[in-house]
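Report on the following structure.
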């Protein structure tokens with residue numbers, strides 16, 4: 001008898017080999033209909049997969065993350081099926097699953113148009129409605145090469161030819177279309193109902209610019225109509241919030257080809273930068289950090305000692321002077337170790353916390369650049385804590401609490417926590433790793449944080465916590481990090497004197513809260529759709545006159561508010577007041593003050609809040625208290 005153990009611990013017996021679909025049917029017709037795949041241990045398999053020995057099994061449906069992965073993978077094949085059906089001369093290449101969807105690359109004699117995309121999507125729906133079975137078969141490699149050459153699919157033949165000759169390859173057929181794939185796939189095309197094609201882009205064959213430029217069709221697929229619509233709505237909202245568009249409209253920054261991947265900050269954008277930096281500077285000061293500043297350019301020999309020269313060289317900008325090679329620093333940590341090394345440090349000095357707004361440069365590929373979110377020159381709120389092994393837990397607990405407060409002040413309450421543990425290739429003893437991994441996990445437990453464990457994803461020098469925030473439309477941004485490093489201080493000769501007068505290497509905790517200030521400001525712009533809260537807004541108040549007779553009073557108002565520490569702009573132009581109000585409203589100012597003869601005579605202001613809210617006329621002193629409370633609350 002064959003025994004299948006289900007997720008609830010119950011078992012089902014079968015007289016011989018059994019398919020995943022047959023197991024699902026034995027449980028119930030509803031599950032049999034919903035089954036998309038099966039999961040045996042960590043392996044996801046087709047519903048047609050035959051189980052030949054006692055095994056644990058869970059039935060994968062659209063409700064499962066693995067089920068959504070299968071749906072997207074199969075929808076990529078449905079896309080290729082539709083393209084070949086409509087454009088028989090097109091050649092298919094590769095079509096993987098990506099975040100929120102899939103893509104497929106095609107070679108075709110002309111560019112696909114938006115009208116083509118609409119036709120392909122329509123044909124996909126028609127093919128899915130036919131509910132054709134998806135059937136797997138296996139061929140020897142050389143036979144598969146000949147098969148695809150016979151179909152005129154030379155890209156597929158080239159892919160298969162790169163597989164070792166003694167291996168077999170699996171193919172999946174649905175209707176008139178057959179494709180190379182490891183699988184798994186849905187049992188029939190009727191399971192694929194909620195998808196949309198998004199765009200066409202260029203992509204080189206196998207990612208090599210020397211090869212042919214292919215056409216990449218992107219799509220998205222979901223388990224339900226509601227999920228698809230929610231995603232499309234999120235994309236619409238994300239487009240409205242795009243920081244690149246808002247950066248231009250609000251005159252915050254610009255970027256251009258004279259300095260690819262670098263930011264030109266305009267006065268208003270630089271004001272936002274300064275507010276964020278000064279806030280984080282106060283965080284340093286109030287939490288025991290000493291601010292330091294390291295040089296931008298460091299000798300090649302230092303990067304060789306840290307291992308960056310061998311492992312990160314292609315991402316570093318280099319220069320030469322007097323026959324010596326240098327690199328612009330891609331990170332700040334080596335410089336902090338060199339500062340730590342100056343003078344004798346005692347165990348009594350630990351933990352020693354350094355913080356730096358360190359400007360770094362990384363030679364990111366041009367295709368990866370994205371506004372101010374992904375740049376080549378950026379500044380980090382970088383900090384390093386030099387401590388003993390016994391101090392790791394306490395420091396991680398304090399850091400998590402600090403990070404939560406900072407994120408809350410910037411308007412982020414929903415944080416995802418992940419612990420990345422030891423990889424196969426690592427430095428340090430298992431006992432040290434045990435202590436460090438316990439410390440980072442226990443720190444989150446004591447902080448009341450549920451967390452995900454990501455086995456093997458830690459750095460070679462130690463485990464780490466990753467802090468990911470969710471924005472207003474549900475997108476996730478990994479910003480904060482706490483990395484435990486047993487290696488760097490030792491490699492660069494950092495030491496302290498222990499209680500027994502011996503020399504020891506400190507543990508180095510790498511930590512950043514907002515990470516790249518450029519990226520974080522981009523996230524803030526999108527989080528608030530450009531309408532930054534009053535404490536962050538580059539201009540907090542605009543004072544507008546109706547006629548020239550109120551000009552001097554407007555200046556007095558501005559001076560009073562500026563003395564209060566507010567950022568004020570005055571608009572005394574000879575324009576209609578409705579025009580001026582609209583113009584400043586489009587700049588998303590928190591408050592607009594309108595002054596006419598009545599307000600001047602009463603020593604008052606007419607207050608309009610963002611969102612076209614008329615707060616009425618009030619004494620200037622009352623408005624001063626109102627905006628002070630708004631700024632203080634950081635709402």
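State whether the residues of the stretch 258-265 include one that is surrounded by fewer than 15 Cβ atoms within 10 Å (Cβ to Cβ), touching a strand residue (DSSP E or B) at 6+ places or on another chain (Cβ under 7 Å), without any contact (Cβ under 8 Å) to a residue 24 or more places away in the chain and over 30 Å from residue 93 (Cβ atoms). Yes, the stretch 258-265 contains a residue that is surrounded by fewer than 15 Cβ atoms within 10 Å (Cβ to Cβ), touching a strand residue (DSSP E or B) at 6+ places or on another chain (Cβ under 7 Å), without any contact (Cβ under 8 Å) to a residue 24 or more places away in the chain and over 30 Å from residue 93 (Cβ atoms). One residue alone among 215, 229 is surrounded by 18 or more Cβ atoms within 10 Å (Cβ to Cβ) and over 30 Å from residue 566 (Cβ atoms), and that residue is 215.
State whether the residues of the stretch 205-212 include one that is assigned to a strand (DSSP E or B), touching a helix residue (DSSP H, G or I) at 6+ places or on another chain (Cβ under 7 Å) and either within 29 Å of residue 142 (Cα to Cα) or at pLDDT 95 or above (or both). Full working, then the answer.
First pass over the stretch 205-212, keeping only residues assigned to a strand (DSSP E or B): none.
No; the residues of the stretch 205-212 include none that is assigned to a strand (DSSP E or B), touching a helix residue (DSSP H, G or I) at 6+ places or on another chain (Cβ under 7 Å) and either within 29 Å of residue 142 (Cα to Cα) or at pLDDT 95 or above (or both).
Note on the stretch 385-494: enclosed strands (runs of 3 or more DSSP E) holding 2 or more residues that are loosely packed, with under 15 Cβ neighbours inside 10 Å are 451-454, 476-485.
Residue-by-condition table, conditions (1) farther than 24 Å from residue 74 by Cβ; (2) at pLDDT 90 or above; (3) over 34 Å from the mean Cα position of the chain (by Cα); (4) assigned to a loop (DSSP other than H, G, I, E, B):
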{"site": "148", "(1), (2), (3), (4)": "no, yes, yes, no"}
{"site": "160", "(1), (2), (3), (4)": "no, yes, no, no"}
{"site": "166", "(1), (2), (3), (4)": "yes, no, yes, yes"}
{"site": "201", "(1), (2), (3), (4)": "no, yes, no, no"}
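Each residue in the stretch 312-333 was checked for being surrounded by fewer than 19 Cβ atoms within 10 Å (Cβ to Cβ) and in a helix (DSSP H, G or I), and 3 pass.
Yes or no, residue by residue, for (1) modelled with pLDDT of 95 or more; (2) more than 17 Å from residue 409 (Cα to Cα); (3) surrounded by fewer than 22 Cβ atoms within 10 Å (Cβ to Cβ); (4) out of contact with any strand residue (DSSP E or B) (no Cβ under 9 Å at 6 or more places or on another chain):
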| position | (1), (2), (3), (4) |
| --- | --- |
| 523 | yes, no, no, no |
| 541 | yes, yes, no, no |
| 551 | yes, yes, yes, no |
| 563 | yes, yes, yes, yes |
| 571 | yes, yes, yes, no |
| 582 | yes, yes, yes, yes |
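The set of residues from the stretch 29-59 being exposed (fewer than 11 other Cβ atoms within 10 Å of the Cβ) and either touching a residue at least 40 places away in the same chain (Cβ under 8 Å) or on the phi > 0 side of the Ramachandran plot (or both) comprises 41, 52, 53.
For the stretch 586-603, the criterion of a residue being under 16 Å from residue 569 (Cβ atoms) and surrounded by fewer than 16 Cβ atoms within 10 Å (Cβ to Cβ) is satisfied by at least one position. Scanning the stretch 279-317 for residues that are free of Cβ contacts under 8 Å to residues at least 12 places away in the same chain, more than 18 Å from residue 489 (Cα to Cα) and over 28 Å from the mean Cα position of the chain (by Cα) turns up 285, 286.
The values are calculated or read from the model by the stated rules, or taken from the named source; none is laboratory data. Just so you know, these numbers come straight off a predicted model, no measurement behind them. Quick reminder, even Gly has a Cβ in these numbers, built from the backbone with ideal geometry, and neighbours come from all protein chains shown.
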